[in-house]
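The values are calculated or read from the model by the stated rules, or taken from the named source; none is laboratory data. Computed from a predicted structure; not experimentally measured. Cβ sites come from the backbone with ideal geometry, for glycine too, and all protein chains shown count toward neighbours. Accessible surface areas use protein heavy atoms only, side chains included; no ligands, DNA or RNA. Shrake-Rupley method; radii C 1.70, N 1.55, O 1.52, S 1.80 Å.
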Amino acid sequence: MAHPSLLILAGDGIGPEVMAEVKRIIGWFGEKRGVTFDVSEDLVGGAAYDAHGTPLADETMARAQEVDAVLLGAVGGPKYDVLDFSVKPERGLLRLRKEMDLYANLRPAQCFDALADFSSLKRDIVAGLDIMIVRELTSGVYFGEPRGIFPDNEGGRFGVNTQRYTTEEIRRVARSAFELARRRNNRVCSMEKANVMESGILWREEVQWVHDNEYPDVELSHMYADNGAMQLVRWPRQFDVIVTDNLFGDILSDCAAMLTGSLGMLPSASLGAPMANGRPKALYEPVHGSAPDIAGQGKANPIACILSFAMALRYSFDMGEEATRLEKAVETVLADGVRTADLMGPEGGTPVSTSGMGDAVLAALDASL
């Protein structure tokens, strides 16, 4: 059988540095666990613009459509701020999401015990936190028409953005959430604003339909999104899987991100429809961005990118045992006090570089055998 295929797009800023540590871990799984991937690499973002004059070459887009999963580092940087909007580095990432139709964005918020004091909330509120936010990614107010800024009849202007969802757009992301819940604690909370928005009424009704007709075994609750934001900072551990639309998911996932204490720790996945082999279209990336201020200095935290690969093991390749092995290796390293610069707090720790963190995770993987 052919090995699973991975396309690595390291991108810009700290992307190549953190991705270098992921490539070492991919190599470890091949050598020590017999889990081998066919890995190819290409350019995205500013790096692609420098080489090809576009943030994503057509050949790269075609390759992304063919592989089992894409691993992306980061895109963007100040040198590209002067570019026309149509060729800014971020357009490469948006093209991947759009043309691969990656409609379900998975944003886990997990608070490792060793980092509970980094959260802006009290330890007893966030310790042991492990929730998943599923954000609809390809529709809603960010894409609805009409949109734009127009002149009014009184010499001023007005702005329009349209919140629009169809039955199938809601049902397919709801199915993603219910499937995830079955792998976790079997609970889904759907968030919208059905009290003031017709699209929210439709959202609630369609999520309920999917539950009643396809996933009656999963516990479903509904919550207004503004109350959901309050509950995330009041008692976040009440949640397991949260499913919500594009706009609310954008806001709520960033809110949940800070419960964990560091953006350098947060992975993500964007999933689409199953391919012929049954695997979903998939793009995995850390949340932290390109961090150009520390690029090339060996200061970047590779854990978010490493945990993004762990998500690929679990959700694209059904290798839950190996994903757990990697996640526990990260947990062990943090418990041992190994810290990149972003994780250094008053309690101190052992400061390491980007590659030093990779060394520590590899050592913990060796110890897991």
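Structural remarks
- Partner aspartates and glutamates whose Cα lies under 19 Å from the Cα of Lys88, excluding those fewer than 8 positions away in the same chain, are identified as Asp12, Asp42, Asp50, Asp58, Glu59, Glu99, Glu285, Asp293.
- Modelled this way, with points 7 Å down the Cα-to-C-beta line, the labels at Ala62 and Phe85 are 3.0 nm from one another.
- Its residue count N sets the reference 2.2 N^0.38 Å, and the alpha-carbon radius of gyration of region 57-154 equals 1.53 times that reference.
- Region 9-80 - charge dipole about Cα centre, Lys and Arg +1 at Cβ, Asp and Glu -1, debye rounded to 20: 280
- For region 224-327: span of alpha carbons on each principal axis (Å, largest first): 41, 38, 25
- Rg to Rh quotient for the chain, alpha carbon positions, Kirkwood Rh: 0.97
- For the chain, share of DSSP beta bridges that run antiparallel, in % to the nearest 5: 45
- Potential lengthening between Thr167 and Arg33 on full extension [0.36 nm per residue; Cα-Cα distance subtracted]: 43.9 nm
- Of the beta bridges in region 1-146, as assigned by DSSP with both residues counted there, near 40 percent are antiparallel.
- Antiparallel DSSP beta bridges within region 191-302, as percent of all bridges there, nearest 5: 65
- Dipole magnitude of the chain about its Cα centre (Cβ charges: Lys, Arg +1; Asp, Glu -1), debye to nearest 20: 320
- Listed residues Thr166, Thr354 arranged by accessible area, highest first, probe 1.4 Å: Thr166, Thr354
- Projecting the Cα atoms of Gly140, Ala367, His3 onto the charge dipole of the chain, computed from C-beta unit charges around the Cα centre, puts Ala367 farthest toward the positive end.
- Solvent-accessible surface (1.4 Å probe) assigned to Tyr142 amounts to roughly 80 Å².
- Here Ser268 sits with roughly 10 square angstrom of accessible surface, probe radius 1.4 Å.
- Qualifying lysines (Cα of each under 30 Å from Cα of Lys193; at least 8 residues distant if same chain): Lys98, Lys122, Lys281
- Projected over every direction and averaged, the convex hull enclosing the alpha-carbon atoms of region 112-210 yields 10.0 nm².
- Listed pairs Lys32/Lys299; Lys23/Lys79; Lys79/Lys299; Lys23/Lys299 exceeding 24 Å between Cα atoms: Lys32/Lys299; Lys23/Lys79
- Residue (of Tyr284, Phe178, Pro216) at the positive-pole extreme of the chain, dipole from beta-carbon charges: Pro216
- Trypsin sites (Lys or Arg not before Pro) within region 84-188, DSSP loop, no more than 16 other Cβ atoms inside 10 Å: Lys122, Arg164, Arg184
- For region 173-178, 3J(HN,Hα) computed residue by residue from phi via the Karplus equation (6.51, -1.76, 1.60; θ = phi - 60°) reads 6, 5, 4, 4, 5, 5 Hz, glycine and proline entered as x.
- Two-decimal Rg/Rh across region 62-101, once Rg and the Kirkwood Rh are taken from alpha-carbon atoms: 1.03
- Annotation: Lys193 carries an accessible surface of approximately 30 Å², with a 1.4 Å probe and no ligand, DNA or RNA atoms counted.
- FRET efficiency for Ile201 and Asp113, using Cβ-Cβ distance with R0 set to 41 Å, rounded to 0.05: 0.50
- Largest to smallest accessible area among Ser290, Ser353, Ser120 [probe 1.4 Å]: Ser120, Ser353, Ser290
- Note on region 146-275: with charges restricted to the Cβ of Lys and Arg (+1) and Asp and Glu (-1), its dipole about the Cα centre is near 400 debye.
- Loop-located chymotrypsin sites (Phe, Trp or Tyr not before Pro) across region 226-297 with a Cβ neighbour count of 12 or fewer within 10 Å are lacking, with loop assigned by DSSP.
- Candidate residues Trp203, Trp209, Trp235: accessible-area rank, largest first, probe 1.4 Å: Trp235, Trp209, Trp203
- Once exposed loop GluC sites (Glu not before Pro) are cut out (DSSP; at most 16 other Cβ, 10 Å), longest piece of the chain: 155-346
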